[in-house]
1. Calculated FRET efficiency, GLU316 and SER164, Cβ-Cβ r, R0 35 Å, to nearest 0.05?
2. What ³J(HN,Hα) values, in whole Hz, does the Karplus curve 6.51 cos²θ - 1.76 cosθ + 1.60 give for region 255-270 when θ = phi - 60°, with x put for Gly and Pro?
3. Tell me, what ³J(HN,Hα) does each residue in region 71-87 have, in order and in whole Hz, if you take phi through Karplus 6.51 cos²θ - 1.76 cosθ + 1.60 with θ = phi - 60° and put x for Gly and Pro?
4. Of all the accessible heavy-atom surface of region 684-797, with the other protein chains kept in place and a 1.4 Å probe, what percent is carbon and sulfur?
5. What size of dipole, in debye to the nearest 20, comes out for the chain about its Cα centre when the only charges are +1 on Lys and Arg C-beta atoms and -1 on Asp and Glu C-beta atoms?
6. Short version: ³J(HN,Hα) in whole Hz for each residue of region 736-742, in order, from phi by Karplus 6.51 cos²θ - 1.76 cosθ + 1.60 (θ = phi - 60°), x for Gly and Pro, what are they?
7. Divide by every residue of the chain the summed helix terms, -39500 (n - 2.57) for each DSSP H run of at least 4, and state the resulting mean residue ellipticity at 222 nm, rounded to the nearest 500 deg cm²/dmol.
8. Remind me, relative contact order of the chain in percent, using alpha carbon pairs under 8 angstrom and six or more residues apart?
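The values are calculated or read from the model by the stated rules, or taken from the named source; none is laboratory data. All values reported here derive from a predicted model rather than from experimental measurement. Counting neighbours? That spans all protein chains shown, and the Cβs are built from the backbone with ideal geometry, glycine included. Ligands, DNA and RNA are stripped out before the accessible areas are found, and what is left, the full protein with its side chains, is counted by its heavy atoms. Shrake-Rupley method; radii C 1.70, N 1.55, O 1.52, S 1.80 Å.
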Amino acid sequence: MLALGLVSASLGGALPAPFDVSRAAPIASLEHGDPRQNLPAAKSPDDPRALYQALNELRPDGEHVFAVRDLALRRSALDITLIEGKLAFLTPLNGKVTGAVFTGRAHIIATPRDAAERRSLVNFVGVPLLDQAFSRAYFRFTDDTAAELLRRFESAGVKPAPDSDFAEEWINTVGNLNSSHSLRIMMDFLSSDPQPYFSAALAGAQAGPFDVLVDRRRDEPVLIGAVRNAPGGPKYEVWASFAAPDAPPAGENMLPVDYRLDTSIGDDLALAGDAHLHLKAAHDGDRVFGVELSRLLNVESVTLEGGAPLVYFHNEDLSREELELRGNDLVYIVLSQPMKLGEELRLEIRYHGSVIGDSGNGVYFVGDRGSWYPHVLGLGHFTAFDMTFHWPRRLTLVATGTPSDLRDDAGRRSGHWMSSSPIAIAGFNLGEYEKQVAGTGNATVEVYANRQIEDAILSRLRERSPNFVPNLHQPDSGLPEPPPMASFSEGAAPPNPAGVLKQLGGRILDSIHFFEGINGPFPFDHLAVSPIPGSFGQGWPGLIYLSTLAYLPRETQEEAGLKKGERDELAQLLPFHEIAHQWWGNVVGTAGYRDTWIQEAMANYLSLMYADSRKPAAHVLTTWLGRYRAQLIEAVPNSGEIVDDAGPLTLGYRLRAAKAPEAYERIIYGKGTWVIHMLREMLRDPAAKAPDARFEAMLRSVLTEHRFHAVDAADLQRAAEKQMTPGMDVEGNKKLDWFFDEWVRQTGIPRYSVEFQARARGQEFAVSGKLKQDNVPDYFIASVPVYGVAPGGKPVLIGTVVATGPQTSFRLTSHFRPSKLVIDPQGTILCKTN
């Protein structure tokens, strides 16, 4: 997906799952009675909703409060020391203790091994480790924390005592926090193979409130983060997220086999859906699993095939990190018994609500584009889709898949779409469209346009705002009142978006042919291109959402307030970026949030290659790379850092919480594009008949070997290593670890300068000197092309120097005496030069 100044992407990570408290010793083993008497007997854990409510209602046990002194607790990479204070467990539920509260003096230390995570901590707490004192703590767990603490108390001779005042101080806080953990804990209660879970909300002395989490159900079990106020409301900042060396991979507990969707859209645009999900268990023993569905849709029922109803939870309270990742767009479904690995089940989910907005003049907006139907959590699941739609006759509907059985019936239309190959996500669009068809065969393109311009753009044409940057992801969001503009009046005829259909269709078809020469045949039987209000685009399998701004003539875009850079992006990037996603995103998917950059950077770079090929004299690629470099080295106000310092590509969506507001777009798209460009330049052979043969072979091997599967950075690295030249083997091991470590997994943009002297040696000249490299760690390695300025002022390549530290000596040979040396004038490396 590409947006003008705002890029939206989903991201991923395994949902925290249930944990095991079955080994925790009940508090009743102590001498002060059994606090389980306080739990209402009617709340049976066999009833999932009663269990959920009972977990919400747990409170500190004021009859058993422990005096704590020098108690150490280690959980994975977290070292917690309760120095002095009071601790009370939450009352047990079904004999299991799932939490505790603490007030006093305490300390936590956590040191990630990964350099990028240490750098992330620097951005939030100022140092590369978590080293914080705290005074209050709310613990939830399903591991053996309770049993371990009780053993410590017993061995130290510590006896609990009544302290109702202490428990009372925690009543409101515990009541507010419990519900964000109840679903997670319930999952473990109901599983025959629960996974350890430990969470702590801490009142830090320096950093303020923050959370730590160790959850075996996450791909990266250790998480450190906090809720912070931000424009638009509170946001969850992930300070660090990583896996301990001994942590086994988590993975999802349920995988999709296929989806069958029946969707009705009313005259008022309300949506009613009947989804049939065919699923397979990927984990042994779980009863609870999640599917994603928009919070704007109300679930009516969840049933097994055959009619047996299932308990479900929709829009319930979630942990704060999950709210940041997904919002409330989750439905948790509870099975009657644990699943067995590989077992299949079929569900029917009925739902209704409003996810389609009206932007005026027959221009509609499909909101919650990725969650308008229920689907299994996780990225990169490719499966078959069978979709039926029913909609008002006055509208045209387009969707992913191959359409068939289109018919009219009593003022309504219906149609059937089936995916011709496995796809990871499905979408649809609708409106009062005009249509143009371009091409034949596999490259058939159907371009749809609205008959009129939506209200938001019309208002900008009538009242110009010089600072107008369109962002209509939510159609009802207000925009500031602009000053009057005389060039467009109420009586003037507005531009017709359909007027560009033929031209737009031709350009899109041409770009498909260009991309086929690099990526291979177009992967779907046709491509539908449809408009969407806003400043972004999105590429679905065989379907593209294209900003309505792209349907306007360039002069009209300017009248609407778009700056030159934004108009360039619409003309040179946006449509073709989304077309490139037909391969990069819809043939190979994203393995997780750390690999989102691959699909976006590849689509971005290929779109620039296309634009550059059509107007070589305009140097489109060089211009955009220069723009990206300038954005990456731009200073972040009041920080002493540059944008690139916000974090590496592998932080993905977490870059949105960086000090630099535009870090995500500039790093994922800008630096990511540079990474693909540098790979291409290293693989390029200018003297060959096909200079990019190795680069194209690398891309095709990824698309072929991982067809309809997710791709990560390791897959891309292996594909590059298969094509690597001797010059790329700077460490002598036929690996590109040096490149991916420095440019993908770390931050840093090197700066180069050179000192040299040239001496005549026969008919040639010996050029010796020192290449200086700074702004990066001493271990940074780069293969740096060095050019000599020949008589007449033209730079000529005289050699390559492998920089291995702050200063590298070199000896090169030139057939002329250079007047000076120039570092990389062709722009093959993301760097700065003096």
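1. 0.70
2. Result, ordered by residue: 10, x, 9, 6, 10, 10, 10, 10, 10, 10, 10, x, 4, 8, 6, 5 Hz.
3. With coefficients 6.51, -1.76 and 1.60, one gets 10, 9, 9, 10, 10, 6, 8, 9, 10, 10, 10, 8, 6, 7, x, 10, 9 Hz.
4. Percent of accessible area from carbon and sulfur atoms in region 684-797: 48.
5. Around 2760 debye, computed over the chain.
6. Taking θ as phi minus 60°, the curve returns 10, 4, 4, 6, 6, 4, 7 Hz for region 736-742.
7. Computed ellipticity for the chain at 222 nm equals -7000 deg cm²/dmol.
8. After rounding, I find 9 percent.
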